[in-house]
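Below is one structure, written out as structure tokens; comments come after it.
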Amino acid sequence: MNRTLIEIKALSKQCHCGNDHNDIPIETIMISDDALQQVVIYLQRKRYQTVALIVDQHTFEAAGRQLSALLQGEQIHHTTCFIQPDENGDVIADEASIVQALLEVPHDVDAILAVGSGTIHDITRFCSYKMKVPFISVPTAPSVDGFTSMGAPLIIRGVKKTIQAQAPIAVFADISVLKQAPKQMIAAGFGDMIAKYTSLIDWRFGHLVAGEPYCPLVDKITQESLQECVNNIEKIAAAEEEGVQILMNALLQSGIAMLIMGQSYPASGGEHHLSHYWEMEFLRRKKPQVLHGTKVGVSTSLIAEVYTNHFLILLNDLRENKALLGNKTIELLERNRQKIKEWFGSLPSPSELRLMMERVGGACTPEQLGIDQELVDRSLKEAYHLRDRFTILRFLNEFVK
Ligand SMILES: [Zn+2]
């Protein structure tokens, strides 16, 4: 991370924003070429003798096999749970995967290791929390910012919910593994980061107009992670050691920001709600899934477009739009107009956002993901219902006639 874990822990302790910040339970974060070996050393230091690995077919090949051999060499007893894919070949964090993990992980393990990307982490995060054992994160791709957070987004009966569970006690990100990750996963990680452009605006908006809990420190940490990625887009696009390390740093740091807040406020706004809505629709249609960050990379430019075309126009001409807005709403926006406009000053245009996604080799339009206009329009009207958040998307739907 561009800030060290110790530094962030200290900043969070000193923060006087009025929110009760969560203690950061992460003891160590290691991003290095020998992180898999470091896992073994860490387990020995903790005197953990029995562990379980949760993997899928792909992540076992990426890192699980190697880690398993290292554990074997040091006589650390371990079992490996291979999460089965659904009929489309996708591994999903749903009730079937959770029950499989709960059935297969022995009840007497000292810790569970999530060896994989976001989905494997969400399954492990939830199961380890229910089993009251610590979990250790071993990411195999820099594809999402959820590794270090507490929330597990799960699909339960077809509905995507984020359940607060637990953060890992340690993270071991092996650069030699991460740089082998498919390029689309690296692009997805970048997509999850540029989402912070709109999620931060939504968060500040929700705080300003609806009193949602807010913390300037968490905002700043998230912003720094975003900026670091944008400044190094060429290196990330090249998918070599340095770029992968920068991206992973940013993703972990953004996850820690969520962890301090205890909620996903800083990292997830209207753009994430659209993505969740699309994901649920794909499940209903039994279509193969698209990576979380890939969808979010697309929904961010879409949300940026809606916010600038509809919301900013309203904001600029409040009196002109009297017919659309009630008097109370006009007063509220007038009071905060200057501040809100400042936030939008740092938001790239929708076409700039699309260019960024293109540069890292990601999708930039809904069509590229097989999402038709009807679904886009419907999600813009309905997705905000998925979360109890006061986003600009909610505002446009509920307060503008
Ligand atoms: Zn995300």
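The values are calculated or read from the model by the stated rules, or taken from the named source; none is laboratory data. Treat the numbers as computed from the prediction; the structure is a model and nothing was measured. Cβ sites come from the backbone with ideal geometry, for glycine too, and all protein chains shown count toward neighbours. Protein only, heavy atoms only, side chains kept; ligands, DNA and RNA dropped before computing areas. Shrake-Rupley method; radii C 1.70, N 1.55, O 1.52, S 1.80 Å.
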**OP:** Would you be able to tell me the number of residues in segment 177-226 that are out of contact with any helix residue (DSSP H, G or I) (no Cβ under 6 Å at 6 or more places or on another chain), of a type in the set (Phe, Trp, Tyr) and open to solvent by 10 Å² or more (accessible area, probe 1.4 Å)?
**Re:** 1
Subject >> So residue 388, is it within 19 Å of the chain's Cα centre (by Cα) and open to solvent by 40 Å² or more (accessible area, probe 1.4 Å) >> reply: yes
Original post:
Is it true that residue 353 is under 30 Å from residue 284 (Cα atoms) and either open to solvent by less than 20 Å² (accessible area, probe 1.4 Å) or modelled with pLDDT of 95 or more (or both)?
Top reply: yes
Subject >> Search result, residues across segment 120-148 that are under 19 Å from residue 94 (Cβ atoms) and modelled with pLDDT under 95 >> reply: 146
Subject >> Selection within segment 234-251 - under 13 Å from residue 4 (Cα atoms) and surrounded by fewer than 24 Cβ atoms within 10 Å (Cβ to Cβ) >> reply: 249
Original post:
Which is more than 10 Å from the ligand (Cβ to nearest atom) and within 19 Å of residue 150 (Cβ to Cβ), of 283, 259, 274, 291?
Top reply: 259
Subject >> Flag for residue 229 being away from the ligand (no atom under 16 Å from the Cβ) and either within 30 Å of residue 175 (Cβ to Cβ) or surrounded by fewer than 24 Cβ atoms within 10 Å (Cβ to Cβ) (or both) >> reply: no
Original post:
Of all residues in segment 1-29, how many are of a type in the set (Ser, Thr, Tyr) and in a helix (DSSP H, G or I)?
Top reply: 1
Original post:
Which pairs have Cβ atoms under 7 Å, sit 6 or more apart or on different chains, and link a residue in segment 379-393 that is without any contact (Cβ under 8 Å) to a residue 60 or more places away in the chain to one that is open to solvent by 40 Å² or more (accessible area, probe 1.4 Å)?
Top reply: 381/397
Subject >> The listed residue being in a loop (DSSP other than H, G, I, E, B), within 29 Å of residue 96 (Cα to Cα), modelled with pLDDT of 95 or more and more than 15 Å from the ligand (Cβ to nearest atom), out of 184, 166 >> reply: 166
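Listed here are the residues, each with its yes/no results for (1) within 30 Å of residue 6 (Cα to Cα); (2) under 14 Å from the mean Cα position of the chain (by Cα); (3) more than 12 Å from the ligand (Cβ to nearest atom); (4) in the same structural domain as residue 155 (by TED's automatic domain parsing).
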position	(1), (2), (3), (4)
253	yes, yes, yes, no
287	no, no, yes, no
300	no, yes, no, no
325	no, no, yes, no
Original post:
Does residue 91 count as farther than 25 Å from residue 41 by Cα, open to solvent by 40 Å² or more (accessible area, probe 1.4 Å) and outside any strand (DSSP E or B)?
Top reply: no
**OP:** Looking only at segment 71-119, count how many residues are among the aromatic types (Phe, Trp, Tyr) and closer than 16 Å to residue 288 by Cβ.
**Re:** 0
Subject >> Failed item in (1) open to solvent by less than 40 Å² (accessible area, probe 1.4 Å); (2) more than 23 Å from the chain's Cα centre (by Cα); (3) charged (D, E, K, R), with residue 45 passing the rest >> reply: (1)
Subject >> Hey, residue 366 assigned by TED's automatic domain parsing to the domain that holds residue 275, touching a helix residue (DSSP H, G or I) at 6+ places or on another chain (Cβ under 6 Å), open to solvent by less than 20 Å² (accessible area, probe 1.4 Å) and away from the ligand (no atom under 16 Å from the Cβ) or not >> reply: yes
Original post:
Given the conditions (1) surrounded by 18 or more Cβ atoms within 10 Å (Cβ to Cβ); (2) away from the ligand (no atom under 16 Å from the Cβ); (3) farther than 18 Å from residue 207 by Cβ; (4) not hydroxyl-bearing (Ser, Thr, Tyr), and given that residue 317 satisfies all but one, which numbered condition is not satisfied?
Top reply: (1)
Subject >> Exclusive hit being touching a residue at least 40 places away in the same chain (Cβ under 8 Å) and more than 17 Å from the chain's Cα centre (by Cα), set 123, 83, 92 >> reply: 83
